[in-house]
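Colleague: The structure follows.
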Amino acid sequence: EVVGRVAAISNRLHNETHGDRVGFFGFFECADDQAVADALLAAAADWCRQRGHDLLRGPASFSVNDECGLLVDGFETPPTLMMPHNPRYYVRLLEASGFVKAKDLWVYQGGSEAAYVPVPERLARGTELIRQRLGITIRPLNLKDFDGEVERIKALYNAAWEKNWGFVPMTDREIDHLAEQFRPVVIPELVPIAEKDGRMIGFGITLPDLNVVFRGNRSGRIFPVILKALWALKMKKIRRARILLLGIAREYRGRGVDAMLYHWIWTKSGERRIYWGEAGWILEDNPAMNAGLEKMTFRVYKTYRLYDRAI
């Protein structure tokens, strides 16, 4: 009888970026049995130790650029697209196995699935003043130049996130793979590009929450549910979305570009009858990003946690 699984991961890019010797565990699934959890995590620790690592961190499947974190608060609501979910008892299993908090990742929600909530007036006025003062324009993703757009986002993403805790630069292959996954479901209006004098200085990536459709699939067959999801997109039947990423060039941080992007996403989502949104994850100690979401009247409704254990 299978009672659990775990993956041990050696991420060379992480250790080169941060100058440490962290190994990772991920894809963790376990019965509610402490002995099983201890055995799985010990195996991951041994594997990482043999490869020169002195700390085990996770869950991350495979890295912080993928699904990561253990859900520790917000169990009552289902996960959105590309977000993990786990039973509550996983928290007890990991902590009893010697893991301690490394960092919390906050996830926000805003709006209402029942009806469109207008953009806060203060946000609308503020973004117009910022636009006039900085001369920044916002446009939708250009699908006709999809590959070019991906290249520009790729460069800005790695530059914008490089100082964040735990950041690992995404390789060209990773970003190209994600772009091809997103391409069939991307809504250009929900991927705003901020430009100054024709140069990309910010972007946001928002995707419709296809989990709404996937959760109804009980057959186990993938192809029919994908067709159903694409049809739901075409007919504008999905009322939920997730803001996956926001990236802003360092020289434009703290100048209101994030507010401009959020305002655009909120407005364009409403035009497509998407009335509820999730944003995240956001590092608990990223004050600028957290303040921006709070100004939009978003609130934290889920917390994920990355854990560490010395090995």
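Nothing in this text is a laboratory measurement; each read-out follows from the coordinates by a stated rule. In this text the structure is predicted, and so the values were computed from the model without any measurement. No Cβ is skipped: glycine too gets one built from the backbone with ideal geometry, and neighbour counts run over all protein chains shown.
Colleague: Report the gain in length on full extension from R92 to E180: 0.36 nm times residue separation, minus Cα-Cα distance, nm rounded to one decimal.
Modeller: 27.9 nm
Colleague: Roughly speaking, what is the centre-to-centre gap between segment 138-164 and segment 57-118 when only Cα atoms are used, to the nearest Å?
Modeller: When both Cα centres are located, 26 Å separates them.
Colleague: Still on this structure, please answer the following. Grab the Cα-Cα distance for Y116 and N164, subtract it from 0.36 nm times how many residues apart they are, and report the gain in nm with one decimal.
Modeller: Between Y116 and N164, full extension yields an extra 13.9 nm.
Colleague: Rounded, prolate or oblate: which fits segment 118-274 when a ≥ b ≥ c are the square roots of the eigenvalues of the alpha-carbon gyration tensor, with rounded for a/c under 1.5 and prolate only if a/b beats b/c?
Modeller: oblate
Colleague: Which FRET efficiency, nearest 0.05, do R253 and A43 yield, Cβ-Cβ r, R0 45 Å?
Modeller: Efficiency, rounded to the nearest 0.05: 0.60.
Colleague: When a/c is below 1.5 the answer is rounded, else prolate if a/b is larger than b/c, else oblate, so apply that to segment 4-104 with a ≥ b ≥ c taken from the square roots of the Cα gyration tensor eigenvalues.
Modeller: Cα axes put segment 4-104 in the oblate bin.
Colleague: Compute the relative contact order of the chain as a whole-number percentage, counting only Cα pairs closer than 8 Å that sit 6 or more residues apart in sequence.
Modeller: 28
Colleague: For volume of the Cα convex hull per residue in Å³, several values are listed as (1) 141; (2) 159; (3) 130; flag the one computed from this structure.
Modeller: Only one option fits the structure, namely (1).
Colleague: Output wanted: per-residue J couplings in Hz (rounded whole) for segment 267-273, from phi through Karplus 6.51 cos²θ - 1.76 cosθ + 1.60, θ = phi - 60°, x for Gly and Pro.
Modeller: Along segment 267-273, the couplings run 5, 5, 4, x, 5, 9, 6 Hz.
Colleague: For the chain, give the share of DSSP beta bridges that are antiparallel, in percent and rounded to the nearest 5; count only bridges with both residues there.
Modeller: Here the antiparallel bridges make up roughly 85 percent for the chain.
Colleague: Continuing with the same structure: Each label point is 7 Å from the Cα along the Cα-to-Cβ direction; what then is the distance between the points at T267 and L245, in nm?
Modeller: Spacing of the two 7 Å Cα→Cβ label points: 2.4 nm.
Colleague: Further, regarding this structure: Using a Gaussian network model of the chain whose springs link C-alpha atoms within less than 10 Å, name the residue from E16, E271, E189 with the highest mean-square fluctuation.
Modeller: Its mean-square fluctuation being the largest, the pick is E16.
Colleague: Follow-up question, since we're still on this one. With springs connecting C-alpha atoms under 10 Å apart, model the chain as a Gaussian network and identify which of T77, T17, T267 has the largest mean-square fluctuation.
Modeller: Per the Cα network of the chain with a 10 Å cutoff, T77 tops the list.
Colleague: While we're on this one: Through the Karplus equation 6.51 cos²θ - 1.76 cosθ + 1.60, θ set to phi - 60°, convert the phi angles of segment 51-67 into ³J(HN,Hα) values in whole Hz; use x for Gly and Pro.
Modeller: The phi angles translate into 9, x, 8, 10, 9, 10, 10, x, x, 9, 10, 9, 9, 5, 7, 10, 5 Hz.
Colleague: Using 17 Å as the cut-off for backbone N distance, which residues of segment 181-215 belong to the label zone defined by a point 7 Å from the Cα of R152 along Cα→Cβ?
Modeller: Under 17 Å, as judged by backbone N against the label point of R152, lie 187-206 of segment 181-215.
Colleague: Roughly how many Å is it from the Cα centre of segment 1-32 to that of segment 251-311, as a whole number?
Modeller: Segment 1-32 and segment 251-311 have Cα centres spaced 27 Å from each other.
Colleague: In addition: Roughly what % of DSSP beta bridges within segment 4-104 run antiparallel, to the nearest 5?
Modeller: In segment 4-104, DSSP labels about 70 percent of beta bridges as antiparallel.
Colleague: If I fit a long axis through the Cα atoms of helix 121-134 and take the longest principal axis of the Cα atoms of the chain, what angle between them do I get, 0 to 90°, rounded to 10?
Modeller: In the chain, helix 121-134 runs at an angle near 80 degrees to the longest axis.
Colleague: Grab the DSSP H runs of the chain that are 4 residues or longer, score each as -39,500 (n - 2.57), total them, divide by all residues and round the 222 nm result to the nearest 500 deg cm²/dmol.
Modeller: Using -39500 (n - 2.57) per qualifying helix, the result is -11000 deg cm²/dmol.
Colleague: Which chymotrypsin sites (Phe, Trp or Tyr not before Pro) in segment 1-51 pass both tests, a DSSP loop state and at most 16 other beta-carbon atoms within 10 Å?
Modeller: none
Colleague: Also: Please work out how much length the chain gains when fully extended from E284 to D145, using 0.36 nm per residue of separation minus the C-alpha to C-alpha distance, in nm with one decimal.
Modeller: The span from E284 to D145 would gain 46.5 nm if fully extended.
Colleague: Still on this model: Gaussian network model of the chain, Cα springs within a sub-10 Å range: biggest mean-square fluctuation belongs to which of G254, G204, G19?
Modeller: It is G19.
Colleague: What are the ³J(HN,Hα) values, in whole Hz, obtained from phi via the Karplus relation 6.51 cos²θ - 1.76 cosθ + 1.60 with θ = phi - 60°, for each residue of segment 159-174 in sequence order, with x given for Gly and Pro?
Modeller: Whole-Hz 3J(HN,Hα) from phi for segment 159-174: 6, 6, 9, 5, 8, 6, 4, x, 4, 10, x, 7, 6, 4, 5, 4.
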